[in-house]
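What follows is one structure encoded as C-alpha cells, with my remarks underneath.
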Amino acid sequence: MSLSERVSRLRQNSLDAKPSVSSERAELVTEFYEKQTGALSAPTLRALAFKHLMENKAICILDGELIVGERGPAPKATPTYPEVCCHSLEDLETLDTREKVSFAVDEGTRSVFRDRLIPFWEGRSLRGLIFERMTDAWRDAYEAGVFTEFMEQRAPGHTVLDDKIYKKGFLELKADIKASLAGLDWLNDTDAYAKQEELQAMAVCCDALITFAERHAAKARELAAQEGDPQRKAELERIGDVCDRVPANAPRDFWEALQYYWFVHLGVVTELNTWDAFNPGHLDRHLYPFYRAGLDEGTLTEEQTRELLQCFWIKFNNQPAPPKVGITAEESATYTDFAQINTGGVMEDGSDGVNELTYMILDVVEEMRLLQPSSSVQLSKKNPDRFLKRAAKIIRTGFGQPSIFNADVIVQELVRQGKSVEDARNGGSSGCVEVGAFGKENYNLTGYFNMPKVLEITLNNGIDPRTGKKIGVETGDPSRLGSFEALIEAFRRQLNHFIDIKHRGNNVIERLWATYIPTPFLSVLIDDCIANGRDYHEGGARYNTSYIQGVGLGTLTDCATAIKYHIFDEKTFAMNELLEALRADYEGFERLRLLLVNRTPKYGNDDDYADSVMRGLFEAYFDAVDGRSNTKGGKYHINLLPTTCHIYFGSVVGATPDGRRAWQPLSEGISPVQGADRHGPTAVMRSVAKMDHARTGGTLLNQKLTPGLMDGEQGLDKFVHLVRSFFKLDGHHVQFNVVDADTLRAAQENPEGYRDLIVRVAGYSDYFCDLGKALQDEIIARTEHQSY
Amino acid sequence: MSVGTIFDIKKFAIHDGPGVRTTVFFKGCPLGCWLCHNPESQSFEPELMVRDGRCNRCGDCIEACAQGAVSLNEKTVHIDRNRCDLCGACADVCLAEAIEVAGREMTVAEVMHEIEKDVVYYDESGGGVTFSGGEPLSQAEFLLELLRSCKRCGIRTALDTCAHADSGVFRKVAVYVDLFLFDLKIMDDQRHREFTGVGVDPIHQNLRWLVERGAAVIVRFPLLPGINDDEENIRAMGGFLAALDNRPPVDILPYHGAGVAKYDRLGREARMREMPPPSAEAIEAVARRLAGFGLHVSIRGERL
C-alpha cells in the first residue's frame, strides 16, 4: 500500500527534522517561577506553571496535518525541564556535539541558558537536591556503577492510559474532581486540606488543557481563513471543530478520539519529562467502537482511518525523548521515548482482544516504519495465529518492531502483584517490557542494577577492584569460601547490602518528588488520584509499584557456573588462579580464558547445570528486592531489562570468570551472553523459561534471526510455532532482532561474540560462524539484498 | 542398551519435515557421493575436522599427539592424516576448538535426553524428531531402539534415508516411522553406481514397497547440475513415481556449495569447488517437468 501524498510528505518532514534543544518551555517555566513570591502549595504552584505553559507556548499546525499539536514549537524541537535538571553550558555543548543521540543547540539557546536560565535555576533544580540528599554509601555505589538512578533528571513516569478519555471529557473529569472536593471529611481526615490543594490543582490543569485545545481551534480557523485550497480549508475548519470539542467533551468519532489522546499526551509530556513517554496503551480496542460506528454510519472510510492513524504515528515520531546527560544518557542512549502502543491481548472479560482495527494498526506500523511510536503485540493463547503471522511479516523486514508479549503471563504477573483480574487484563506492557495496570498504576522504575558488579565486589571481599575503594561488606576471602553454596551466600549478603542502599535512596527521592514537584495533570488521568485527592507522586494511584531492574543475568550466571564447575566440582583450577587471571584481564592466561569460554557449561543451551545456577541467582535477586515497601503504600518487584545499560555497566566491570575481558558489555536482558548459546532458539527459550517469569514485572529476551529463516509461509509458520511454544513455557517477552549484513560482517571479524548466529543457507540452516568464508560472503550479499 | 555414532544433533531444524524438529545425524553412509554436502557423515569412523580460522597456534595439540601427526605452519595447525590414528587427543586439548572430532558414541538414553528437551515445540508445531545422516539404516539396531523410544514418548518420527538397506531391516524400521524423507538421486543403475558407488537395487524396491503400503513419503531429489538434471533422468524418475499407486510428492533440493568448507576441514579434496549451483530458471524447469507427470512438486519445501 502506498502512502498518500500528504502522509509521505509529513513522514519525510519528520524523518528530516533534526532534533534540537528548544528553550521555549524552559523560558516559560522560568518566567513563571520568577514571579512567584507568595505562599503557594506545591500542587498549586505546579498547576499554575502548567497553565502558564498551556496558555503561552507556541501553537504549531503544520501544512497538511490532520492531527495537530507539538510539544515544542516545531517537530523535534525538544524542550528541557530546568525545574528538574537545568543543563549547564557544558551539557549543551555535549548535546550539540556528541556522536550519538545529539541535539542541535543554536547560539540563541546557549545565550538564554547562559544569561537567564542557569543563573535562576542554580541551587533550585531538583537534581542538585537529589544528589545532595544521598548518603556517602549511595554515592559510592552510584559512582562505582552498581546502580543507576532513574529519577535524578527525569520525572517518575512510566504509566499508560486506559479507556477513560474515550468516555469522559475533561469537563466531566472536572466534575469528578468537584465531587471529590465536596466529599472531603474536614472533621476526621487530617489530610483534608492537602487533598483540597491537590484537587484544586487538578481542576486548574483540566482547564489549562482545554485552553490549549481552544488555542489550536482558533489557530486552525485563522489558517482556514487564509487558505486558498478549498480541500485544505475544509480540513482546517474540521480541525477547528475537533479542537473545540475535545478534550473538553468525550469524543464522538475516530478523528476526535485520536486528537483527544494527542492533547492529553502533550499535556503529560509538557508537564514533566517523564521517562518512557505516556502512551495510549490498547489503541486497537479503545478506538474500535469509533471505527465500527464510523464505517456503519458511512461517516468514515477505511482509507480515512488509515490516514488518520498515519498522521497520529508521525506526531509521536516528532517528539524525541528529552535530552539526557551523564549516566542517564548512557543507560538510555536513544531518541526513542518508549511510547509502546499495544495491540491484541484479552479484553476485560477475558475474551480475544484482536479486532479488524488491530490489523490496520499493524499495517500502519509496517507502512510508517518509524522509530516512534514503538509497537507491541500482546499475544494471548486466545488470539488467532493470523495476528502473530501479521506481526511476523513486519518483524522479518528487520526494524525491530513489533515486540511480542505473552498477554496471559502478563495477567498472571499483575494478579500476583495484587491487581484485580479485570485491571490486569486491561493492562499490558510499556516502555521496554514492563507490565502495568493501564490507567490505574504508578509503576516506577527506579534504576538499573549491575548484578555482575556485585559478584565482582564479592570476589574482592567488599572492594571495588576498579578503584580499590571498599564499598561493599566484607563477605570473606573468596579463596577460603569452601563451597559454591558459601559463595552464593556471600553474594546474597553483598546483594542485600547494595539493594538496601538503593532502597533507602529511593525512599528519599520519592519524597523529594512528592514534596517539590507533584504532578497534578497526570494525576487527573490515573485512577484513583481524583477519588483519593492525592497526587500521583504521593501514592494517589490505585496501584503503586517500584522496580529495580536487574542487568546482566546471563553474565552473572556464566560467571557463577564457571566457578561452580571448575573450582568446586571439576577442580580444574583454584580460586586464587582465577582471581589472578581476572586481575591480569587474562593477559598471560589465554588457556584459562579459552577453557572458561569453550569448556564450561553456559546459560542459554538448555543445559540444566548452568540453568539451575541461573535459577538460584534469579531467586537471590528476587529475595533481595521483592516485597520491600515504597513510600507510596506499594511494594517493590523485580524486572530484568537493560535498555542500553549493559554497555555502561560493562564499562565499569573488570574481567569476569565467564572469560569476558574487562570493560566489555554485559549480557542484555535475560538473554544469554553474546555468542554463548550454541544450540539454537529452542534451547535459548527453554533455558530462559526456567526462571519464574510470573514473579517478575517483565523480562527481556532478544533473539537474533536472519531474514532468510522467516522466508515463505513455512518460515512464518515455524516462527509462529516457536513463539507459541515459548509462551506455553510462560515466557514473558521476546523480540526478534533480524540482523543485517553489517552484523554478519562483524561476526566474520569477531566470531567469538557471534557463535549463536544462525542463518538460512539453502534449504537448511547453520551457524554463521561455522560456514566457510566464501559462503559467509555470499550470505552477507544475500542478506544485504533482502533487507528492507 | 545399544550405542550409535552420531555426528550432530540439531535443534530447531525447520527444513527436515513438518513443524519444529530435532534432527539427529548418524555417522556413516553406504553411498559415496563425491559431492555430499555433509562429507563428515560418510565414514563410519570418527574424523578430525580442522578449522583454520580458530587456531591460535598454541601448540598444545603437538604435545598431545603420540603419533607425531600434528604440526604448525605460520597460520594454523596441520594434521598428517596418514599418521593420525584418530585418537582425538589433539581435539581434547584444543581449547580454541580449531580441532574437533566429528562423530561420537552416544547411548539411546543420551540421544533421547536431547530429543525430549524440545517436546513442547513438537507438540505445538506438529513437529518431532528426524533421523538423518549419513544413513540411519546403517545403524539399524540403534535406530530401531530410538524409534521405539520415541513412540513410547509420543514423539513423531521422520527418517531421512537413501534406503540403501536390506529390505527386511527396512520393513522392520518402517513400522515406527511417521514420515519418510526418501532420497532419490539417479534412476539408471549404472550411472547410480558411478556416482554413489552402489546400485539402485534395494532402493527402488524399498520405495515401491513403502509407497504401496500407504506410508507417508516425501521424495527428496537433490538436483545436481550435470549429474542428475538431464532429461533422461528426470523422465525416468517422473515415470517411476507416476506409476506408483500412491504418488509421493517430490521436493527438489538444489545443489548448493555449502559443503565445500567441510571438505577443507577434513583435509579432503573438494571436487565440487568450482561447481556452480543451478539457476532458479533451471530448477523451475525441472520442477515443471516433474509436475508434468502428475506429481506434487515443491522446491526446498515451498510448493510450486
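The values are calculated or read from the model by the stated rules, or taken from the named source; none is laboratory data. Model, not experiment: these values are computed from the prediction. Neighbour counts run over all protein chains shown; Cβ positions are idealised from the backbone, glycine included.
With the range B:68-171 as the region, which helices (runs of 4 or more DSSP H) entirely inside it contain at least 3 residues that are more than 30 Å from residue A:385 (Cα to Cα)?
Hits in the range B:68-171: B:89-93, B:108-117, B:140-152.
Does any residue of the range A:732-751 turn out to be of a type in the set (Ser, Thr, Tyr) and either farther than 30 Å from residue A:636 by Cβ or within 14 Å of chain B (Cβ to nearest Cβ) (or both)?
Checked against the condition, which is being of a type in the set (Ser, Thr, Tyr) and either farther than 30 Å from residue A:636 by Cβ or within 14 Å of chain B (Cβ to nearest Cβ) (or both), the range A:732-751 yields at least one hit.
Find all pairs meeting these conditions: Cβ atoms under 7 angstrom apart; at least six residues apart or on different chains; first residue within the range A:219-240 and farther than 17 Å from residue A:59 by Cα; second residue modelled with pLDDT of 95 or more and part of a helix (DSSP H, G or I).
Between residues of the range A:219-240 that are farther than 17 Å from residue A:59 by Cα and residues that are modelled with pLDDT of 95 or more and part of a helix (DSSP H, G or I), the close pairs are A:227/A:233; A:227/A:236; A:233/A:224.
Do you know which residues across the range A:155-177 are modelled with pLDDT of 95 or more and in a loop (DSSP other than H, G, I, E, B)?
Once the filter is applied, which keeps residues that are modelled with pLDDT of 95 or more and in a loop (DSSP other than H, G, I, E, B), the range A:155-177 yields A:160, A:161, A:162, A:163, A:167, A:168, A:169.
Residue by residue, here is whether (1) among the hydrophobic types (A, V, I, L, M, F, W, C); (2) under 20 Å from the mean Cα position of the chain (by Cα); (3) under 22 Å from residue A:142 (Cα atoms) holds:
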residue	(1), (2), (3)
A:622	yes, no, yes
A:626	no, no, yes
A:638	yes, yes, yes
A:660	no, no, no
A:666	yes, yes, yes
A:675	no, no, no
A:688	yes, no, no
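Mind listing just one residue for me: the one in the range A:682-706 that is within 18 Å of residue A:744 (Cα to Cα) and within 14 Å of chain B (Cβ to nearest Cβ) and, of those, modelled with the highest pLDDT?
A:703
For the range A:574-594: of the residues being free of Cβ contacts under 8 Å to residues at least 40 places away in the same chain and surrounded by 16 or more Cβ atoms within 10 Å (Cβ to Cβ), which is nearest to residue B:61 (Cα to Cα)?
A:591
Among the residues of the range B:56-76, is there at least one that is away from chain A (no Cβ under 13 Å), among the small types (Gly, Ala, Ser) and within 23 Å of the chain's Cα centre (by Cα)?
no
Yes/no matrix, rows are residues, columns are (1) crowded, with 21+ Cβ neighbours inside 10 Å; (2) more than 17 Å from residue B:133 (Cβ to Cβ):
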| residue | (1), (2) |
| --- | --- |
| B:177 | yes, no |
| B:186 | yes, yes |
| B:207 | yes, yes |
| B:214 | no, yes |
| B:227 | no, yes |
| B:235 | no, yes |
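Could you check, for the range A:190-209, whether at least one of its residues is farther than 30 Å from residue A:343 by Cβ, touching a residue at least 40 places away in the same chain (Cβ under 8 Å) and assigned to a loop (DSSP other than H, G, I, E, B)?
Checked against the condition, which is being farther than 30 Å from residue A:343 by Cβ, touching a residue at least 40 places away in the same chain (Cβ under 8 Å) and assigned to a loop (DSSP other than H, G, I, E, B), the range A:190-209 yields at least one hit.
Can you tell me which residue in the range A:581-617 is nearest to residue B:100 (Cα to Cα), limited to those that are at the interface with chain B (Cβ under 9 Å from one of its Cβ atoms) and in a loop (DSSP other than H, G, I, E, B)?
Applying the filter and picking the extreme gives A:599.
So which residues in the range A:267-304 are polar (S, T, N, Q), closer than 19 Å to residue A:152 by Cα and in a helix (DSSP H, G or I), if there are any at all?
A:270
Which number in (1) within 30 Å of residue B:225 (Cα to Cα); (2) touching a Cys at 6+ places or on another chain (Cβ under 9 Å); (3) more than 14 Å from chain A (Cβ to nearest Cβ) marks the one condition that residue B:183 misses?
(3)
Before we move on, is residue B:18 more than 14 Å from every other protein chain (Cβ to nearest Cβ), assigned to a loop (DSSP other than H, G, I, E, B) and closer than 26 Å to residue B:224 by Cα?
no
Somewhere in the range B:6-13, is a residue within 11 Å of chain A (Cβ to nearest Cβ), touching a Cys at 6+ places or on another chain (Cβ under 8 Å) and either assigned to a loop (DSSP other than H, G, I, E, B) or not small (Gly, Ala, Ser) (or both)?
Scanning the range B:6-13 turns up no residue that is within 11 Å of chain A (Cβ to nearest Cβ), touching a Cys at 6+ places or on another chain (Cβ under 8 Å) and either assigned to a loop (DSSP other than H, G, I, E, B) or not small (Gly, Ala, Ser) (or both).
From the list A:55, A:65, which residue is in a loop (DSSP other than H, G, I, E, B) and in contact (Cβ under 8 Å) with a residue 24 or more places away in the chain?
A:65
Enumerate the helices (runs of 4 or more DSSP H) found wholly within the range A:343-421, keeping only those where 2 or more residues are farther than 21 Å from residue A:698 by Cα and in contact with a helix residue (DSSP H, G or I) (Cβ under 8 Å, 6 or more places away or on another chain).
A:356-368, A:385-395
Give the residues of the range A:707-745 that are modelled with pLDDT of 95 or more, hydrophobic (A, V, I, L, M, F, W, C) and assigned to a loop (DSSP other than H, G, I, E, B), sorted by residue number.
A:729
Looking only at the range B:242-284, count every residue that is surrounded by 14 or more Cβ atoms within 10 Å (Cβ to Cβ) and not in a loop (DSSP other than H, G, I, E, B) and tell me the total.
Of the residues in that region, 18 qualify.
Is it the case, given these coordinates, that residue A:636 is buried (at least 24 other Cβ atoms within 10 Å of the Cβ), hydroxyl-bearing (Ser, Thr, Tyr) and in contact with a helix residue (DSSP H, G or I) (Cβ under 6 Å, 6 or more places away or on another chain)?
no
Which one of A:357, A:362 is modelled with pLDDT of 95 or more, closer than 25 Å to residue A:421 by Cβ and not acidic (Asp, Glu)?
Result: A:357 is the single residue among A:357, A:362 that is modelled with pLDDT of 95 or more, closer than 25 Å to residue A:421 by Cβ and not acidic (Asp, Glu).
Based on what the data block shows, is residue A:80 out of contact with any helix residue (DSSP H, G or I) (no Cβ under 7 Å at 6 or more places or on another chain), modelled with pLDDT of 95 or more, β-branched (Val, Ile, Thr) and closer than 14 Å to residue A:324 by Cα?
For residue A:80, the condition - out of contact with any helix residue (DSSP H, G or I) (no Cβ under 7 Å at 6 or more places or on another chain), modelled with pLDDT of 95 or more, β-branched (Val, Ile, Thr) and closer than 14 Å to residue A:324 by Cα - is not met.
Residue A:265 versus (1) within 26 Å of the chain's Cα centre (by Cα); (2) crowded, with 24+ Cβ neighbours inside 10 Å: which is the lone unmet condition?
Condition (2) is where residue A:265 drops out.
Identify all residues within the range B:247-277 that are closer than 25 Å to residue B:32 by Cα and either of a type in the set (Ser, Thr, Tyr) or more than 11 Å from every other protein chain (Cβ to nearest Cβ) (or both); write none if there are none.
Answer for the range B:247-277, where residues must be closer than 25 Å to residue B:32 by Cα and either of a type in the set (Ser, Thr, Tyr) or more than 11 Å from every other protein chain (Cβ to nearest Cβ) (or both): B:250, B:255, B:263, B:266, B:267, B:268, B:269, B:271, B:272, B:274, B:275, B:276.
Go through the residues of the range B:127-138 one by one and say whether even a single one is within 14 Å of another protein chain (Cβ to nearest Cβ) and over 25 Å from residue B:44 (Cβ atoms).
Within the range B:127-138, one or more residues are within 14 Å of another protein chain (Cβ to nearest Cβ) and over 25 Å from residue B:44 (Cβ atoms).
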